[in-house]
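Written out below as structure tokens is the structure these notes cover.
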Amino acid sequence: MTSEERREARYQRRQAKRAANRQKRCDGLGPVEEIFSYRDMFKYGKKCCNGVRWKQSVQNYEMHLFSGTAKRRRLVLEQKWKPMKCSHFILRERGKIRPIDAPHVTDRQVHKTLCNNVLVPLYSPSMIYHNGASQKGKGLHWHFEELKEQLRWHYRHYGRQGGVLLMDLKRFFPSAPHKTIYQRHQKLIPSPHLRWLADTIIQHSPCPTPGRGMPLGVEPSQQEMVALPSKVDNWLKCQMRMKIADHYMDDYVLVHPDIEWLKKLAHEMVRRFAAIGIPVNQRKCQIVPLTKPFKFCKATFRLQETGKVIVNGCRDGMKRARRKLKYFRREVDAGRRAIEEVKQYMTCQLGYYKKYNDHGRVLRLSRLCYALFGDIMGGKPCIKLPKTGPASA
């Protein structure tokens, strides 16, 4: 047997072992009757009502939840279930337009059961640890803490040598290829019944481009898109041996002591993303030396000469907060807003900046609020008074 034949035999044994593990995970979920049990569907159906019980449609849904759950469960088990039409609306977030397609609350019950009982258990083993979006026990600030710890590790080994590769995937949700998602279903969901349900949600998703796009606002879309770049993630971690290679949804951050090597890696990543149908926003891709600050997910990271990592919140948010406080002052004077709304807004803003190294911004914002509205936050901020000389005394 030649070396090529032995290499191929080892590869086939690894592939067979991985396929057996995937089948074992799917069998561990149990039959479809247990996955979509009445108890689980009723539990997730109640959770769908949290925060939206003021809607008439949700009130009608919860009123008939007992019988409606049995009806939807029967349709899923008989493979006759089809999602209803989504409600389409537009959100403008800091000047950026986001089209939202919200599913009907009855479909959300099936979506939530599928995500928690099928997609999360089957997708999680193939995802890297430092992929913190839309996962239980993780999140944005968890991701920030992990990145801070990784930067400190890099400083202990290499100092501030090297740079940071920042990469952004272009139109991540609208440009998602359905063909790649179906291939993932074929590979990671061995059960034909569960694969039919996951494919049905993709087929009936409202997409402006045929065969492309996942709607914002649908829970299975979040799980599908979080796991979609896992092929590139595992290539970075396993084959390229990247110690610091994280991504939060469509934002990537990679740290390496060799900047020239990072440039070659960026070109290869763009090629691999294009191979699976995900375009890269090359205008936003950049390599920043570790001696300079860099931005990741609206936060600014600084690795100082002592090895300390400083993280600051969004600077533009501070400007908006100051403008909005002055606007609230005019609204309160005109009697169109209550002082309680200002207090709630200040609580949110201070809570945001207190999670970062932004004590100065917290003080400045508190002083402005005190100057405009008085002591509404329950404590007079520290305001420095001008120094007085002997003549004024």
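The values are calculated or read from the model by the stated rules, or taken from the named source; none is laboratory data. Quick caveat: nothing in here was measured; it's all calculated off a predicted structure. Neighbour counts are summed over all protein chains in view; Cβ atoms, including those assigned to glycine, are modelled from backbone coordinates with ideal geometry. The area values use the complete protein model at the heavy-atom level, side chains included, leaving out ligands, DNA and RNA. Shrake-Rupley method; radii C 1.70, N 1.55, O 1.52, S 1.80 Å.
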Among the residues of region 197-226, write down those that are in contact with a Cys (Cβ under 9 Å, 6 or more places away or on another chain) and among the charged types (D, E, K, R). Glu219
Could you grab me the full set of residues in region 211-240 that are open to solvent by 20 Å² or more (accessible area, probe 1.4 Å) and not in a strand (DSSP E or B)? Gly211, Gly217, Glu219, Gln222, Gln223, Lys231, Asn234, Lys237, Cys238, Gln239, Met240
Just one of (1) under 19 Å from Ile276 (Cα atoms); (2) free of Cβ contacts under 8 Å to residues at least 40 places away in the same chain trips up Met214, so point out which. (2)
Looking for whichever is touching a helix residue (DSSP H, G or I) at 6+ places or on another chain (Cβ under 8 Å), open to solvent by 70 Å² or more (accessible area, probe 1.4 Å) and farther than 24 Å from Gln135 by Cα here; the options are Arg73, Arg108, Arg53. Which one fits? Arg53
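Residue-by-condition table, conditions (1) at pLDDT 95 or above; (2) over 15 Å from Gly163 (Cβ atoms); (3) among the small types (Gly, Ala, Ser); (4) in a loop (DSSP other than H, G, I, E, B):
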site	(1), (2), (3), (4)
Met242	no, no, no, yes
Tyr252	no, no, no, no
Trp261	no, no, no, no
Ala266	no, no, yes, no
Qualifying residue in region 335-351 (condition: modelled with pLDDT of 90 or more, of a type in the set (A, V, I, L, M, F, W, C) and in contact with a Cys (Cβ under 7 Å, 6 or more places away or on another chain)): yes
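To keep it simple, each residue is scored yes or no on (1) among the aromatic types (Phe, Trp, Tyr); (2) assigned to a strand (DSSP E or B); (3) crowded, with 21+ Cβ neighbours inside 10 Å; (4) in contact (Cβ under 8 Å) with a residue 24 or more places away in the chain.
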position: Gln161; (1), (2), (3), (4): no, no, no, yes
position: Met167; (1), (2), (3), (4): no, yes, yes, yes
position: Phe172; (1), (2), (3), (4): yes, no, no, yes
position: Thr180; (1), (2), (3), (4): no, no, no, yes
position: Arg184; (1), (2), (3), (4): no, no, no, yes
position: Pro190; (1), (2), (3), (4): no, no, no, yes
position: Leu197; (1), (2), (3), (4): no, no, yes, yes
position: Thr200; (1), (2), (3), (4): no, no, no, yes
Filter pass, Lys231 being in contact with a strand residue (DSSP E or B) (Cβ under 9 Å, 6 or more places away or on another chain) and either among the charged types (D, E, K, R) or at positive phi (or both): no
Does region 144-155 include one or more residues that are buried (at least 18 other Cβ atoms within 10 Å of the Cβ), farther than 22 Å from Leu122 by Cβ and within 18 Å of the chain's Cα centre (by Cα)? yes
All conditions in (1) basic (Lys, Arg); (2) open to solvent by 60 Å² or more (accessible area, probe 1.4 Å); (3) closer than 19 Å to Tyr44 by Cβ are true of Arg94 except (3)
Do the conditions hold for Gln23, that is, is it in contact (Cβ under 8 Å) with a residue 60 or more places away in the chain, at negative phi and either among the aromatic types (Phe, Trp, Tyr) or surrounded by 10 or more Cβ atoms within 10 Å (Cβ to Cβ) (or both)? yes
Give region 199-231 a look and list any residue that's touching a Pro at 6+ places or on another chain (Cβ under 6 Å) and farther than 19 Å from Lys170 by Cβ, or say none. Ile201, His204, Ser205, Pro206, Val218
In region 1-111, which helices (runs of 4 or more DSSP H) lie fully inside it and hold 2 or more residues that are of a type in the set (Ser, Thr, Tyr)? 3-28, 38-47, 56-63, 65-77
Restricting the first residue to region 31-43 and requiring it to be closer than 11 Å to Leu77 by Cα and without any contact (Cβ under 8 Å) to a residue 60 or more places away in the chain, which pairs with a second residue that is of a type in the set (A, V, I, L, M, F, W, C) and surrounded by fewer than 17 Cβ atoms within 10 Å (Cβ to Cβ) meet a Cβ separation below 7 Å and a spacing of at least six or different chains? Glu33/Leu77
Restricting the first residue to region 242-261 and requiring it to be under 15 Å from Leu140 (Cβ atoms) and open to solvent by less than 30 Å² (accessible area, probe 1.4 Å), which pairs with a second residue that is assigned to a strand (DSSP E or B) and not aliphatic (A, V, I, L, M) meet a Cβ separation below 6 Å and a spacing of at least six or different chains? Val253/Asp246; Val253/Phe296
Scanning region 117-133 for residues that are buried (at least 18 other Cβ atoms within 10 Å of the Cβ) and in a helix (DSSP H, G or I) gives Asn117, Val118, Leu119, Leu122, Tyr123
Of these, Lys136, Lys80, which one is open to solvent by 30 Å² or more (accessible area, probe 1.4 Å) and either touching a His at 6+ places or on another chain (Cβ under 8 Å) or at pLDDT 90 or above (or both)? Lys80
Looking only at region 336-363, filter to residues that are free of Cβ contacts under 8 Å to residues at least 24 places away in the same chain, among the charged types (D, E, K, R) and touching a helix residue (DSSP H, G or I) at 6+ places or on another chain (Cβ under 8 Å); which one of those is surrounded by the most Cβ atoms within 10 Å (Cβ to Cβ)? Arg337
